[in-house]
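Coordinate-derived values only; no laboratory data. Owing to the predicted nature of the structure, the values given are computational and were not obtained by experimental measurement. Quick reminder, even Gly has a Cβ in these numbers, built from the backbone with ideal geometry, and neighbours come from all protein chains shown.
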Amino acid sequence: MSYVWCHGPSCHTYTTTDRVRGSKGSKVLRTRKLKIHNPNYIHMYSYFCSNGCYNEFANKYIEQIIRIAPRTEPLETPIHDPKKTEHESDYTYSDGTRHTWTTTEIKKIDTSSDVG
Ligand SMILES: [Zn+2]
């Protein structure tokens, strides 16, 4: 079984009992150690003990992270013309009008058969 240390930059500062290490008189809060259960299934929790530690890492190194895959142009998903539908409830207000609302259906155009 292999291990990695949580990559959260402040992981070692949180006051939880599982982070307490060391002998009496010289105790420390230590970064959490994570087990790699399956090296073929690596995900964010393989390197971070929590969403908080992941977010702190991302916020601290955001410029470097963006350089991995910068987005200089927007992406687009083809859709059918949005379809608006008016609805009217059975509920009638005291002034005799009915509660109404509008929904808009947005459907993606299936392009899966275009790929491959
Ligand atoms: Zn952590």
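Annotations for the structure displayed:
- For residue 34, the residues whose modelled amide H falls within less than 5 Å of its own, excluding neighbours fewer than 5 places apart on the same chain, are 4, 5, 6.
- Partnerless Cys - the chain, beta-carbon criterion under 4.7 Å: 53
- Straight-distance crosslink candidates among aspartates and glutamates, where the alpha carbon sits under 16 Å from residue 27 and sequence neighbours closer than 8 are dropped: 18
- Over the chain, DSSP H runs of length four or greater, each weighted -39,500 (n - 2.57), average out per residue to a 222 nm ellipticity of -4000 deg cm²/dmol.
- Using a Förster distance of 25 Å, the FRET efficiency for residue 13-residue 66 (Cβ separation, nearest 0.05): 0.45
- Angle of helix 51-60 to the longest C-alpha principal axis of the chain, folded into 0 to 90 degrees and rounded to 10: 90°.
- Based on C-alpha pairs under 8 angstrom that are at least 6 apart in sequence, the chain has a relative contact order of 20 percent.
- Distance cut-off 18 Å, percentage of C-alpha pairs in the chain lying past it: 74
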